[in-house]
Every structure is written in structure tokens, then in C-alpha cells.
Amino acid sequence: MQVRVIRGTKQIGGCVTEITSSKKTKILIDYGENLDNDDVLEIDGLTKGNKSYDAVFITHSHGDHIGCINHILDDIPVYVEPISKRIYEITAKFTHKNIRKDTLDMEFEKSIQVKDIKVTAYLADHSAYNAAMLLIEADGKKVLHTGDFRGHGTKGDLLDKMIQKIGTVDLIVTEGTVLSRTDGTGKEIICQTEKELTKKATEIFKKYDQVFILQSGTNIDRITSFYESAVSSGKNFIEDLFTTSIVFSLDNLKIPNPETFNKVYTWIPLYYEDKIEFKEYVDPLEKYCSMYSYSNNKYAMLVKSSMISSIELLHNKNHITNACLIYSMWAGYQEDAKTKKFLEDIKKYNIKDIIYLHTSGHADYKTLKKLNKLKAKKVITIHTVDGNKLKEILDNVYIVNDNEGVNVI
Ligand SMILES: [Zn+2]
Ligand SMILES: [Zn+2]
């Protein structure tokens, strides 16, 4: 078996990994967007020319992993976990992107055989719901592709469980997002847990009557964290249209949603009200919009940078009296022009305090170290700008460049 990272050994996001068996069966793992531009990576036999890939497997619903699958040739099967597929479709709708309709379902721990390659997905803890790690088996060898993962979220114990199940592997392709980030002290990075974040959020929620939250609508753990803080500080919890659509697409309505949770409401920004293409999202949720959600002036509300007119409306009706905004995303996104403008504009509407409260969706040093238990003979880093640092954490790190083939031994 051979592993070739086509893109991603020196960048965060947009990683594409190819695995080829000795019988020349070829699969690809992830096919998404670069984080900083929309360029589509053209690949012979994948996006153009004669088909040379037998299947593509997608680890999770983040755009940098799934965002370009509409460019893959129609006759190449693309496997996606069904809830991740739904999240991808909703996200594409709200960001006006084209989707690939035709995909095949990938279920957790049910192996998929592509000629002589066997692929098994394991549920991973990540800021995207139902993210997968993939175990690839061929030629009597095992490769683990971690996708994006972490150990400090609400499903933090999944990594240990998976390691117990799969025992050892021959090669690991791991994400290394946090390797280049520093905490300012030069120490190794240990991320605060979602639980610790919830505690801090609750303290903040107690100080303000209205809490606006800027976070990713697909970061499901975070929605739960802020819901808990809202309820324990006596507030209603208002989700924007996009977020409500996402939580309704998840299994069993276990995540805070206006149907099965108390004190949860939805907010439909005016922009969507009369848009015919959003009717399928707006109509079923209208019954969950209520003036009651904000009329007592004690509420927490998930917002998007496109929702400044919603904030203006609440301000004009005197429903912003003692408010803050919690910024709960990677700090780097603040440089995005739209976000920057939003953070500036909200000050006009009586939201004076902007508080940064976030924890990463990616594995910290402590979690990465656990991969040593798999006793891999080679470890390759992707989704990073400083793969060399992994040598301080893991055994047998093998530094490669994009497009360099590595034999699995
Ligand atoms: Zn990613
Ligand atoms: Zn991700």
C-alpha cells in the first residue's frame, strides 16, 4: 500500500490524501476547499479525463474536507456519513454553493470494500458533528487517517475507545493543526475542555441580560455549551434560522432545538422571509419564532455576521439594554472583512463588550500523544504548517512534501 498526500503537508485545510493498493486500487480521502481561497484542485482521473479513482471518502462536513465534491467525476463513488451529508447540503444552501447530490452512505464501524481496499469509519470528537476517522486496510497493512479530531470535546473519550478497538496500525496520517499555534508561554498546548468553557460562559451570562454569540452554526458541542449557560442563568435561547435547520437535521433531536427543549426559539432574519429558495427552511420553523423569546429582555442569541439588521431591530425595540457579544470561533476569522465590520457595527447598537471565549476543534499535545499507543512505524502530518513539531510529540514521524509517495511498511 502507498500513501501520497496530494495537498496538505504544509497547509491547514484543503487536505487531499491518496491511498493506492499493490493491485492499483486507488481511493482518495477528503476533497475540500482551501481555507483562504476558492481554487479547485484539479486532479487527473478525479475531476477531469478518464476516471482513475475507485472511490472518495469524506471524513466530515467542514468545507475544507467536503466542499469540492461537486467537482468529482460523476462515475466515481463518493462516500459520506449521512448526517454529515445533510449538514453539507444545508451549509451549501445558505452559502450559495453547488452541491453533489449523488453520494453513498458511510456508516460508522461498517466496513466498505472497494476492490481490495477495506475502509472502516470510526466516530471522532471534533467541532463538526459525526466526524470520522478512517481505518484503511489492504495488502495485510493498516493505515489510520485521523481526519480532524480532538480529545477535549464532549465526546473526548472516543479516541481511547477507538485505539482499544483497532489495536495497532502500520502508518498514521494525522492532523497537526495546533502544532504551529502557541499559547504565548512556549509551553505545549493543552486546550480547555468544552466543560471548562461552559463554566466560564455561565459566569459571563450571569453578568449580562442579553448575550449575543458569534460561533459556527455547525459547532454542535458549542451550541450545547451555550444553551446550558443560558438556561442556568435564566435566559431564553434563540437560534438563528441556519443553526435551527442544522440541529433539526441531527439524529433524535438530542441537541438543543425548539421542538424538544424548553426555552429554545428560532429567529428568522428578514432577508430569508420572502426568498422562495429558502421556503423549505423558513416555513417549518416559523412556528418556533416568538416575541416571547426576547420580550423579557433576558435572552442569549446565536448570530451570524450577516445579521446586523436583526440586531438593529432588537435595539430599536429597546431589547438591548445590558448586552455583550461572545466571539466563539478561531481568533483568525476576526480578520475576515465581513466579521470585522460586524464586530464594529454592533457597537452602535449598545453591545459594548466583546468577549473572546473559544476552544479549538483540533487535537492538543496531550491528545496527539495518545496516537503513540497505535505503535505506527510511520506517522505523517497533514492539516498543519509546522509538521516538524510533531517529532517532539510522536514516535516515528516521517516528514513528507505534497505529492511524495510513502510506502506502508
Ligand atoms: Zn479541517
Ligand atoms: Zn474540521
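Give the residues of the stretch 207-227 that are part of a loop (DSSP other than H, G, I, E, B), over 11 Å from Glu239 (Cα atoms) and either of a type in the set (Asp, Glu) or out of contact with any strand residue (DSSP E or B) (no Cβ under 6 Å at 6 or more places or on another chain) (or both), sorted by residue number.
Asp209, Ser216, Thr218, Asn219
Just so you know, in the stretch 345-367 the residues that are part of a helix (DSSP H, G or I) and in contact (Cβ under 8 Å) with a residue 60 or more places away in the chain include one that is surrounded by the most Cβ atoms within 10 Å (Cβ to Cβ), and it is Ile346.
Restricting to the stretch 52-88, and then to whatever is within 20 Å of Ile136 (Cβ to Cβ) and of a type in the set (D, E, K, R), can you tell me which residue is farthest from ligand 1 (Cβ to nearest atom)? So, considering only residues that are within 20 Å of Ile136 (Cβ to Cβ) and of a type in the set (D, E, K, R), the one farthest from ligand 1 (Cβ to nearest atom) is Asp54. Test Val231 against the criterion of being closer than 21 Å to Thr91 by Cα and either assigned by TED's automatic domain parsing to the domain that holds Lys207 or of a type in the set (A, V, I, L, M) (or both), and give yes or no. No: the conditions fail for Val231.
Of all the criteria given as (1) over 24 Å from His65 (Cα atoms); (2) at pLDDT below 95, the one not satisfied by Asn372 is (2). Among the residues making up the stretch 57-77, those that are assigned to a loop (DSSP other than H, G, I, E, B), touching a Gly at 6+ places or on another chain (Cβ under 9 Å) and farther than 13 Å from Ala128 by Cα are Gly67, Cys68, Leu73, Ile76. In the stretch 231-290, of all residues being assigned to a loop (DSSP other than H, G, I, E, B) and of a type in the set (D, E, K, R), the one that is surrounded by the most Cβ atoms within 10 Å (Cβ to Cβ) corresponds to Lys235. Of all residues in the stretch 99-128, those being at pLDDT 95 or above and within 27 Å of Phe278 (Cα to Cα) number 8. Just checking, does the stretch 336-344 include any residue being assigned to a loop (DSSP other than H, G, I, E, B) and within 20 Å of Phe149 (Cα to Cα)? No, every residue in the stretch 336-344 fails to be assigned to a loop (DSSP other than H, G, I, E, B) and within 20 Å of Phe149 (Cα to Cα). Confirm whether Val169 is surrounded by 18 or more Cβ atoms within 10 Å (Cβ to Cβ), modelled with pLDDT under 95 and not in a strand (DSSP E or B). So Val169 does not fit the description; no.
The values are calculated or read from the model by the stated rules, or taken from the named source; none is laboratory data. Note that the structure is predicted; figures quoted are calculated from it, not measured. So basically every Cβ, Gly included, is an ideal-geometry build from the backbone, and we count neighbours across all protein chains shown.
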